[in-house]
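The values are calculated or read from the model by the stated rules, or taken from the named source; none is laboratory data. These figures come from a predicted structure and were not determined experimentally. No Cβ is skipped: glycine too gets one built from the backbone with ideal geometry, and neighbour counts run over all protein chains shown.
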Amino acid sequence: MLFETLVFRKILDSSQFFKAFEKLLDLKFNEIAIFPGLEYLPDNPLSSSIKLWCTLENIGGDFPCCLTMYFVDFQEDKIDRVAFSISLSSFLSSDCLISDDKSDYFTMILIKDGELLSVEVSDEEWGENRYRVNRILGAYKS
């Protein structure tokens, strides 16, 4: 199972994500499940047809919309997480932050107008699971 967390600058609702996943991942409505938080995920699968489980939470801060996606029995090896994140950010017309997969917890990738920027996020609100960009470090280099 592959998972990815993205945090968006705009507050978005589940209907916007359903439309995005249907378009960008070619999934049907009944293949997607979106819950308002981790505590709402069921212990047992709702249906074997669900390929994408998500939690969608309003966490406050400069990037208040937190989406975590869990791909189940989906061709996750065919998904380029950065390219998909750029497409999702564009489709939803919202800047977003994603992990840069580096050891420093306080650097992330900011996707802004399709551009990838390496940014430093504030450690002051980290324990509260809130995100604020302290400074832009420059263009992201993988």
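Some points to look at:
- In the range 37-49 there is no residue that is closer than 19 Å to Glu4 by Cβ and at pLDDT 85 or above.
- Matching residues, the range 32-74, being crowded, with 17+ Cβ neighbours inside 10 Å and either on the phi > 0 side of the Ramachandran plot or not in a strand (DSSP E or B) (or both): Ile50, Lys51, Gly61, Phe63, Pro64, Phe74
- Cβ-Cβ under 9 Å pairs, at least 6 apart or on other chains, the range 95-114 side more than 18 Å from Thr68 (Cα to Cα), far side hydroxyl-bearing (Ser, Thr, Tyr): Phe106/Ser122; Thr107/Ser118; Lys112/Ser89; Asp113/Ser89; Asp113/Ser90; Gly114/Ser89; Gly114/Ser90
- One residue from Leu27, Leu6 being surrounded by 13 or more Cβ atoms within 10 Å (Cβ to Cβ), modelled with pLDDT of 90 or more and assigned to a loop (DSSP other than H, G, I, E, B): Leu27
- In the set (1) over 13 Å from the mean Cα position of the chain (by Cα); (2) under 26 Å from Ser142 (Cα atoms), Ile86 fails one condition alone, (1).
- Restricting attention to the range 92-142, the residues that are on the phi < 0 side of the Ramachandran plot, modelled with pLDDT of 95 or more and outside any strand (DSSP E or B) total 3.
- Residue in the range 79-87 that is part of a loop (DSSP other than H, G, I, E, B) and modelled with pLDDT under 95 present: yes
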